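The block underneath contains the structure these notes are about, expressed in structure tokens.
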Amino acid sequence: MRIGFIFCVIVLMGCSKKELLDKKKMQAVLWDVIQADVYTTQFLKIDSVVKDNNIENVKLQKQIFTIHNTTKEEFYKSYTYYQEHPKMLQEIFDSISVQQQRKEREKYLKSIKKK
């Protein structure tokens, strides 16, 4: 009886873990979600044609989840998990920051070469 209970707990833990995005995938999806949020809050609010920035943000998120072959539920469940593990979340944000700095440096170097 006790072995059956332990087996069920292990199976349930394993199933819930599989639904989480690994750090690398979470980084990629989170980066795109952040960019979509910035786009809708900074650029679309100027555009008077767009009535509701939240609706546009939801549309962009759907596209992001499709591109990354994940779902809204998997992303937010993973995000909650990483929030509960701040060290892991910090590693993800640090990687995103380094990635952005690298892109900015490359853009800067290209602009210098053009001159």
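The values are calculated or read from the model by the stated rules, or taken from the named source; none is laboratory data. Bear in mind that the values here come from a model prediction, so they are computed numbers and not experimental data. No Cβ is skipped: glycine too gets one built from the backbone with ideal geometry, and neighbour counts run over all protein chains shown. Just so you know, the surface numbers come from the protein's heavy atoms only, side chains and all, with ligands and any DNA or RNA stripped out. Shrake-Rupley method; radii C 1.70, N 1.55, O 1.52, S 1.80 Å.
Applying 1/(1 + (r/R0)^6) with R0 = 25 Å to the Cβ-Cβ distance of Q42 and Q63, what FRET efficiency is obtained, to the nearest 0.05?
Values: r = 18 Å, r/R0 = 0.73.
Between Q42 and Q63 the formula returns 0.85.
From the cross-link list K59/K110; K25/K110; K24/K77; K77/K103; K23/K103, which pairs have alpha carbons spaced over 24 Å apart?
Exceeds cut-off: K59/K110; K25/K110; K77/K103.
Check cross-link reach from K113 to the aspartates and glutamates: straight Cα distance under 20 Å, and skip same-chain residues fewer than eight apart.
Within the straight-line limit of under 20 Å, K113 reaches these aspartates and glutamates: E104.
With a/c under 1.5 counting as rounded, go ahead and sort the range 22-115 into rounded, prolate or oblate using the C-alpha gyration tensor (a ≥ b ≥ c being the square roots of the eigenvalues; past the cut-off, prolate if a/b is larger than b/c, else oblate).
Cα axes put the range 22-115 in the oblate bin.
Please give the length that would be gained between M88 and E73 if that part of the chain were fully extended, namely 0.36 nm times their separation in residues minus their C-alpha to C-alpha distance (nm, one decimal).
Net length gain for the segment: 3.4 nm.
Sort the following peptides by mean Cβ neighbour count (other Cβ atoms within 10 Å, averaged over residues), highest first: 25-31, 82-88.
Working: 25-31: 19.6, 82-88: 11.3.
Ranking the peptides 25-31, 82-88 by packing returns 25-31, 82-88.
Rounded to the nearest 10 Å², what accessible area does I55 have for a 1.4 Å probe in the complete protein model?
Using a 1.4 Å probe on the heavy atoms, I get roughly 90 Å².
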